[in-house]
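Working notes for the structure below.
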Amino acid sequence: MENILRLTERIEIATEIGESYYREFKSAFEGPPNNKVLRNINEVKYDIAKTLVAFANADGGELFVGIEDDNSVTGLTYKPEKIQEILNSPKDCILKDTPITLKQASLIDYRGLKVAYFSVSKGTEYVHLTAKGECFQRKDRESVPTASEKIVYQREEKISREYDREFVDIAKVTDLDHDLIENVAQRISKIISPEKLLQYLDLAEFDGESLKLRKAALLLFAKKSNRWHPRLQVRIFLVRGTEEKTGKDFNVTEVGEANGNIFQLIESSWDLLRPHLTDTKFSDDALFRTQIMYPELACREALVNAITHRDYSSEGRGIEVKIFNDRLVIENPGELLSSITIEDLKSLSGAHQSRNTYVARVLRETGYIRELGEGIRRIYELMNNNDMVHPEIKSGNKTYSITLFYKHVYTKEEQLWLEGFESLELSREQKTVVRLGVNGRLISAKEIFETVGIVDEKNYRELLESLRKINVLQSVHSQNELQNLRKKYGGSKKAVPRFRIHLPTINSNEDMEEEDRSDYARIYVGNIPYEIKEEELYFALGKFGEVVDVIIPRWSNTGQTKGFCFVEFDKRLSANNALNSTSPILISGKKLRLKEADKLK
């Protein structure tokens, strides 16, 4: 019984994490801060109905009534009969012809305060409406009015939508990778056990004797994934040329096949794909030179997007990636859902619908994907930043695909600027940096990372070195100047514009700062306080060497940290000193945990 997730614990976890796509808080009060009064009961009931309808028309979710937007619990102070009316809201204020699947409607006694709790499943049979005949759908953190015609469900689509939520009677918790679940639990909340995490994320339900697992739990955490899904895989192919051929002209070679649960699949398939995003050529100076053909972040976004949203009910096929000479194609089972069109995606409005509700939620909560609907927008942005043509999206014949092309586009000003560098035969990423510095514009390290779409920071160092060798890049600030300027740019040296691009006719032999010559020196720092400031980390770790940058992931709704951060030193030696320190490093009484950043996969 100790592994049952209590309703009071749901409140504690919810107020720690805050509101999200899957979670909303409603207050029972209104008015100025110093003169709050109880809201009209009918308005509260309609708010509840509207929110539950929006959740059911999207991917499901949970609603707490009696919690403020700032995560504080203020409770319900109505008379008992009014509180019962609130619990009856789904029955009274949702159209009876489009009933929602309500998993729970409970009154929770939390520290002397009463909170109404509702949990609703994703709808598959109806377009859900309020009693007023209004249709809402959850988008990001809002319940948005939506035309009911847009929420259409086909029979085959319904099966694919329900796949990851189905229970598997013979599956047991021992079939899951306990260490992986524990790792994810720590990333989401410090106060939750692995068993309770499965319940909190709706991956399991307690039936009185044991936990019943959904297919989503097995897709995400199974020890032996092929026992539960025969095609939980990504296959990667190289195509010599621009078209596939058959017979004696057959030109397709399989690079490899990645298998495993979804967390394993994301990392192992990326490890297989990444080496083939580059092109190595023999240059005029008798050296083999390697250039990245596509922004790595765009490729990783597309790969993770495919793994997140593929149709897992199609068990006869897996995801396929084909690398042609002029393009990269990622193809996965399952067309776009009927509520989303290609035009919606191309509009970059953030439109989305999750086929695999539970899978998408876990990947969102653990940071593998950003806000739902951001993936395609991010891919377009990265391709555009690198002056590459827009991706091509196709959906049909039970398949969805996205194609990234190795083809560039430039403005007239940029084309004239780049023509001055033609004799250097720049690589794609070199051109991207040179374009950023058009006509002497200063560039920051952060801008290079984000615009080029670099994943491996070692590539950043190599890229700067390559530009320095051909005398086109120069640092315009000393270390002292960078130190003084970083406060102006959010406390990060990387955000300070510091590089200038010179035409190749100008000889710039000034040495680069030592920071750019050093080995990459980023470390992971865990167990940090939730309210920590960057200055505290600079101070605590600065005794081991100069700290160049601090990156602290924070929850967007509360501003609190996620319990970890990344710290970059200017030298590898400084990072090693910190990692090998025998004395505990404390901030606000908490002992920091330090690890190599590249050993976290």
**OP:** Would you tally the net charge around F250, using a Cβ to Cβ cut-off of less than 10 Å, leaving F250 out, and scoring K and R as +1, D and E as -1?
**Re:** +1
Subject >> Ratio Rg/Rh [Cα only; Rh per Kirkwood] for the stretch 167-228 >> reply: 0.94
Subject >> Interchain or long-range residues, amide H under 5 Å from F237's placed H >> reply: V255, V321, K322, I323
Original post:
Cβ under 11 Å from R435's Cβ, R435 left aside: what net charge do those residues give with Lys, Arg +1 and Asp, Glu -1?
Top reply: -1
Subject >> Backbone HN-Hα couplings from phi across the stretch 555-572 [Karplus 6.51/-1.76/1.60, Hz, Gly and Pro as x] >> reply: 6, 5, 7, 10, x, 6, 6, 8, x, 8, 7, 10, 10, 10, 8, 7, 9, 4
Original post:
Applying the Karplus parametrisation 6.51 cos²θ - 1.76 cosθ + 1.60 with θ = phi - 60° to the phi angles of the stretch 106-123, what ³J(HN,Hα) value in whole Hz is obtained for each residue in order, glycine and proline being reported as x?
Top reply: 9, 9, 9, 8, 10, 6, x, 10, 9, 10, 7, 10, 10, 10, 10, 8, 5, x
**OP:** First select every other residue whose beta carbon is under 14 angstrom from the beta carbon of T15; then total the charges, Lys and Arg +1, Asp and Glu -1.
**Re:** -4
**OP:** Can you tell me the dipole magnitude for the stretch 412-516 around its Cα centre, using point charges on the Cβ only (Lys, Arg +1; Asp, Glu -1), in Debye to the nearest 20?
**Re:** 460 debye
Original post:
Relative contact order for the stretch 7-150 using alpha-carbon pairs under 8 Å, separation at least 6, rounded to a whole percent?
Top reply: 30 percent
Original post:
Over the chain, what is the mean sequence separation of C-alpha contacts under 8 Å (at least six apart), divided by residue count, expressed as relative contact order in percent?
Top reply: 9 percent
Subject >> the stretch 25-42 - phi-based ³J(HN,Hα) in whole Hz, Karplus 6.51/-1.76/1.60, Gly and Pro as x >> reply: 10, 10, 8, 8, 10, 8, x, x, x, 8, 8, 6, 10, 5, 6, 4, 4, 5
Subject >> Within the chain: Cβ-based charge dipole about Cα centre, in debye rounded to nearest 20 (Lys, Arg +1; Asp, Glu -1) >> reply: 680 debye
Original post:
Which peptide among 569-575, 457-463, 32-38, 587-593 comes first, and what is the full order, when sorted by highest mean count of other Cβ atoms within 10 Å?
Top reply: 569-575, 457-463, 587-593, 32-38
Subject >> Net dipole in debye of the stretch 522-599 [+1 Lys, Arg Cβ; -1 Asp, Glu Cβ; about Cα centre; nearest 20] >> reply: 340 debye
**OP:** Would you compute, for the Cα atoms of the stretch 7-150, the largest minus smallest coordinate along each principal axis and list the three values in descending order, in whole Å?
**Re:** 43, 29, 27
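Only the coordinates and a few stated rules stand behind these numbers; no lab work does. Note that the structure is a prediction, hence the values are computed from the model and not measured. Positions of Cβ are backbone-derived with ideal geometry, glycine not excepted, and every protein chain shown enters the neighbour counts.
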